[in-house]
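Chemist: I'd like to ask you about the structure that follows.
The values are calculated or read from the model by the stated rules, or taken from the named source; none is laboratory data. Just so it is clear, the structure is predicted and the values come from calculations on it, not from any experiment. Cβ atoms come from the backbone with ideal geometry, glycine included; neighbour counts cover every protein chain shown. SASA here: full protein model, heavy atoms, side chains in, ligands and nucleic acids out. Shrake-Rupley method; radii C 1.70, N 1.55, O 1.52, S 1.80 Å.
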Amino acid sequence: MAGSGGLGGGAGGSQGAGGGPGAALRAPRAPLLFAALVLGAYCLCALPGRCPPAGRIPAPAPAPAEPPRAVRSPGTSGLPVASGSGRRRFPQALIVGVKKGGTRALLEFLRLHPDVRALGSEPHFFDRSLMPRTLDGQITMEKTPSYFVTREAPRRIHGMSPATKLIVVVRNPVTRAISDYAQMLSKTPGLPSFGTLAFRRGLGPVDTAWSAVRIGLYAQHLDNWLRYFPLSRFLFVSGERLVSDPAGELGHVQDFLGLKRVVTDKHFYFNATKGFPCLKKAQGSGRPRCLGKSKGRPHPHVPEAMVQRLRAFYRPFNRKFYQMTGQDFGWD
């Protein structure tokens, strides 16, 4: 009974406060009715035409697909390649040197060939992401003349692509050194004289620490490359013959690369003013074109005594280079 009374007392208290036995059930009806009204309004608005226009946000129409366009990568040549077609590869061929030997001329002449895709800039230890896209049958090329004299270059290039074909454009090292100095002088007019840089203590020993002299030690640089690549992977191009007979030298280069001889003597004419061959029809243009203003730049006067000293200095290195390559370049 005590338990019952307790329960009964609790019920009675609720009744008195709530106003009758159904009060506990009637109390939540107001919130439920409000929720029902909101839900009904939402359902009415969801029916077509029942909501104001401002409440509707039309879905954007999909953009029409754009067909791929034929593009030319900056600094490249050859046939146009559709954007996204082809693939980027490590170069199958490199022009690795030498500075002021004729590397720019060789690259520009080769770019006339439809199966050559060449990077215009000098990447200095090439990166595949920089290379132009090529189709099957096309050759990716690039040129960086400093490769030939950079000690680490052969190892790095071999590590990335040991089957790379290597092209070296060489020139009489005495003429090359003077041409190198002429380029330096055009950029830095206040340079010391050629003799001051090339020789120690007046007409003392030749200073091989000067880059213009050191580059011409072709045999030493080639020896470093032969530690990583066999001689069969090299083609040595005469810078002198590239001027006197560009079509002949280009023929050898195309053979070396396994290309059809497309670039021939019909593409060249000799510019007597510049003393250099020019293109009768440049790639992508119907107009003749010579290389930049720097080609044919006049050399500063170097006393004959200095020239003879340099010739004598280079002679044993040249002869070793002839033996290593099996070619006599006639610099002596």
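Chemist: If you go through the range 318-332, how many residues are surrounded by 15 or more Cβ atoms within 10 Å (Cβ to Cβ) and part of a helix (DSSP H, G or I)? Break it down stepwise before answering.
Modeler: Filtering the range 318-332 down to residues surrounded by 15 or more Cβ atoms within 10 Å (Cβ to Cβ) leaves 318, 320-322, 324-325, 329, 331.
Filter once more, so that each one left must be part of a helix (DSSP H, G or I): 318, 320-322, 324-325.
So the answer is 6.
Chemist: Is one or more of the residues making up the range 212-222 under 30 Å from Q92 (Cα atoms) and free of Cβ contacts under 8 Å to residues at least 60 places away in the same chain? Full working, then the answer.
Modeler: Our first condition is that a residue be under 30 Å from Q92 (Cα atoms); within the range 212-222, this holds for 212, 214-222.
Among the residues that remain, those that are also free of Cβ contacts under 8 Å to residues at least 60 places away in the same chain are: 212.
Yes, the range 212-222 has at least one match.
Chemist: I'd like the residue in the range 161-197 that is without any contact (Cβ under 8 Å) to a residue 40 or more places away in the chain and part of a loop (DSSP other than H, G, I, E, B) and, out of all such residues, is most open to solvent (accessible area, probe 1.4 Å).
Modeler: P189
Chemist: From K266, K274, grab the single residue that is within 17 Å of E108 (Cα to Cα), assigned to a loop (DSSP other than H, G, I, E, B) and not hydrophobic (A, V, I, L, M, F, W, C).
Modeler: On the way: K266 fails: assigned to a loop (DSSP other than H, G, I, E, B).
One residue alone meets the criteria, K274.
Chemist: Sticking with this structure for a sec: For the range 239-255, what are the residues that are under 18 Å from I139 (Cα atoms) and open to solvent by 40 Å² or more (accessible area, probe 1.4 Å)?
Modeler: Taking the range 239-255 as the starting set, the residues that turn out to be under 18 Å from I139 (Cα atoms) are 250-255.
Listed by number, the residues that qualify are H252, D255.
Chemist: For the range 142-158, indicate whether the set of residues that are within 19 Å of the chain's Cα centre (by Cα), buried (at least 21 other Cβ atoms within 10 Å of the Cβ), of a type in the set (A, V, I, L, M) and not in a helix (DSSP H, G or I) is non-empty.
Modeler: Checking the range 142-158: not a single residue is within 19 Å of the chain's Cα centre (by Cα), buried (at least 21 other Cβ atoms within 10 Å of the Cβ), of a type in the set (A, V, I, L, M) and not in a helix (DSSP H, G or I).
Chemist: Kindly list, by first and then second residue, each pair from a residue in the range 86-106 that is farther than 21 Å from C278 by Cα and among the basic types (K, R) to a residue that is open to solvent by 40 Å² or more (accessible area, probe 1.4 Å) and part of a strand (DSSP E or B), limited to pairs with Cβ atoms under 6 Å and residues at least 6 apart or on different chains.
Modeler: R88/R133
Chemist: Now for a different question. Identify, from the list F236, F229, the residue that is in a strand (DSSP E or B) and either in contact (Cβ under 8 Å) with a residue 24 or more places away in the chain or open to solvent by less than 20 Å² (accessible area, probe 1.4 Å) (or both).
Modeler: Details: F229 fails: in a strand (DSSP E or B).
Going through F236, F229 in turn, just one is in a strand (DSSP E or B) and either in contact (Cβ under 8 Å) with a residue 24 or more places away in the chain or open to solvent by less than 20 Å² (accessible area, probe 1.4 Å) (or both): F236.
Chemist: Right, R200: open to solvent by 40 Å² or more (accessible area, probe 1.4 Å) and within 22 Å of F317 (Cα to Cα) or not?
Modeler: When the stated conditions are applied, R200 passes them.
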